[in-house]
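These notes concern the structure reproduced below.
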Amino acid sequence: MLKFVISIAACSSFLSVCRCGVISESMFFYDFIRSVDPENVLGIDHQHGNLQNPCLFKINGVKCNLQPIFIKEIRLQNLNLSGKFDTDNLCELPQLKVLSLAKNRIEGMIPESISKCKSLEELDLSYNSLKGSIPSSAISGLKSLKKFNISGNNLVGVVTMASNEITQNSLSFENSQSENIDSGNKKKHGNWIIYVLVAFIVMAFLLVSIFLILKKKKRTEDEEIIKVTVHSPVEIEEDVNQEKGFSELVFFVEDQEQFELEHLLEATTHLRRQGLCSSLYKVKLKHNAIFAVKRLKKLQVSFEQFGETMRKIGSLKHENILPLVAYYSTNNEKLLIYKYQDNGSLLTLFEAYLAGKIIFPWNLRLSIAIGIARSLAFINQNGNSSIPHGNIKPSNILLNKDMQPVLSEYGHTRFLDPQSQLCNNVGNGYTSPENDLSEKSDVFSFGIICLELLTGKIVENSGVDLPKWVRAMVREEWTGEVFDKEISEFAKFAFSLLNVSLKCVANVPQERPSFEEVLVKMEEIVYAQEEEEASPLSLSYSF
């Protein structure tokens, strides 16, 4: 039964909306710091991840507003920073007024996406190693920008702001007046400047008045919502959250296992894996509960559709599927929370074995293979209403305390941008030739993993075409050479699994079995081995 933990009182004002979004702001801040400071010159502990609010710590050069909490200034001048200017994360800091990266070694170009930094009032990128064309139209669209300095770079172009034209030789301006006007011109245009300032003051007064009126109206509306919520909390809370475009933590576990959003902000976090479209963190709460938190970016899905899919996935209960503890969602940011698995993944097990640190016996390999098959058969048992996995590989197969496989990363692959090869799994060695989201594509990926278990060769991070290599060995009648040395004495059962694996990696989807058929064949292998091991002849032979 789905359980929603939604605190409408916590999100009923401008203060609470900022607090609900503080996780996302923290993440964007730390990602921006990583981009401009990849060598960690600033000494900011990147291992703390993106969950701890930077405003709660003393970080030199960072100033925050505390009521409500948001980052308003980042001044990192003359610190020998040598990264890239990342506006994608920068512009997600909604209240950032000032950014100064002057006198560093920042490289690359100024992206067009700088146009999204609508709140910036001061931007100083002077004396860095920026190059390329100035995105003049994007910068000209920053209506709040009062000070802008990009001198001392290798930039080309012209920027026009109000009545000022900025060129490569004079790449600094202030909206109020140009710094290069001589004293004669100042006298000539003195009256004009006074008129502009008076008009500006009048306009500012009108805008402030309108803002205060709207804020008062909003507060009144929120108070009415709270009154209604007392009588019908669940229905009203869901409607309000969807309208605001964010959810509270939505749980799929019992009440005693749940926690508040604030507990995540106060948790100790460690970045475990980071990519362009997702990051993974190990999070330890104050009461010592440990979770894995997956942060997702660049998803092509509405707020409502994502919530509907997560509720469906959260209801799945199977011993070989990593259970979803909770999720947190905004229009731009998604967090998935799972119980942390201490034994790592199938990939880490493979790597430790190949490094000679552990053994990897046949019975454990077979147990892992059939556990994966059972989870995938369970996922696909509902036919057209099922959601294929789409990203099956050893690093997404975790191992629980009993060394049994639990399938992770399930349910969100379908929302990745199909045009973005950076986020998708095209050409990762586990992708089917047709590269679509279907059960038959998952069968292909599963077949690759079975071949890895049989051969001891890892596809992930190596790029080896394992089906091609195995088929060549079989064609040359060197089938016995296919198997890893630790399973040679179980060749009879390994041959049976090899036949299943080769059918799974058939190039044509129609020639591949379903997971139901795969599971039947694999259970036959397990049963045959158990029968042989239980026979008196087998027992006497083992001695």
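List of remarks:
- Scanning the range 255-277 for residues that are surrounded by fewer than 15 Cβ atoms within 10 Å (Cβ to Cβ), out of contact with any strand residue (DSSP E or B) (no Cβ under 8 Å at 6 or more places or on another chain) and either among the charged types (D, E, K, R) or in a loop (DSSP other than H, G, I, E, B) (or both) returns Glu260, Glu262, Glu266, Gly275, Leu276.
- Residue match in the range 498-509 (condition: in a helix (DSSP H, G or I), over 29 Å from Asn391 (Cβ atoms) and of a type in the set (Ser, Thr, Tyr)): no
- Residue in the range 377-384 that is outside the structural domain of Arg273 (by TED's automatic domain parsing) and in contact with a His (Cβ under 8 Å, 6 or more places away or on another chain) present: yes
- When the test is whether a residue is crowded, with 17+ Cβ neighbours inside 10 Å and not in a loop (DSSP other than H, G, I, E, B), Ile114 passes it.
- Among residues of the range 484-524 being surrounded by 14 or more Cβ atoms within 10 Å (Cβ to Cβ) and among the basic types (Lys, Arg), the one that is farthest from the chain's Cα centre (by Cα) is Lys521.
Condition check ((1) surrounded by fewer than 21 Cβ atoms within 10 Å (Cβ to Cβ); (2) under 30 Å from Lys457 (Cβ atoms)) across all residues:
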{"site": "Gly314", "(1), (2)": "no, no"}
{"site": "His318", "(1), (2)": "yes, yes"}
{"site": "Leu322", "(1), (2)": "no, yes"}
{"site": "Tyr328", "(1), (2)": "no, no"}
{"site": "Lys339", "(1), (2)": "yes, no"}
{"site": "Asp342", "(1), (2)": "yes, yes"}
{"site": "Leu346", "(1), (2)": "no, yes"}
{"site": "Ala352", "(1), (2)": "yes, yes"}
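- Every residue from the range 124-143 that is farther than 20 Å from Ala102 by Cα and either in a loop (DSSP other than H, G, I, E, B) or out of contact with any helix residue (DSSP H, G or I) (no Cβ under 6 Å at 6 or more places or on another chain) (or both): Ser137, Ser140, Gly141, Lys143
- Apart from one condition, Ile368 fits all of (1) free of Cβ contacts under 8 Å to residues at least 12 places away in the same chain; (2) farther than 25 Å from Ser279 by Cβ; the exception is (1).
- The selection criterion, being more than 21 Å from Glu25 (Cα to Cα) and not assigned by TED's automatic domain parsing to the domain that holds Pro405, does not hold for Glu333.
- Residue check: Asn424 meets all listed conditions (1) in contact with a helix residue (DSSP H, G or I) (Cβ under 9 Å, 6 or more places away or on another chain); (2) under 30 Å from Arg311 (Cβ atoms); (3) crowded, with 20+ Cβ neighbours inside 10 Å; (4) at pLDDT below 90 but one, namely (3).
- Taking the criterion of being of a type outside the set (Gly, Ala, Ser) and closer than 17 Å to Ala138 by Cβ, the residues of the range 94-121 that qualify are Leu96, Leu99, Met109, Ile110, Pro111, Glu112, Ile114, Lys116, Cys117, Lys118, Leu120, Glu121.
The values are calculated or read from the model by the stated rules, or taken from the named source; none is laboratory data. Since the structure is predicted, the reported quantities are computational estimates derived from the model, not experimental observations. In this analysis, Cβ positions are derived from the backbone assuming ideal geometry, glycine residues included, and neighbour counts consider all displayed protein chains.
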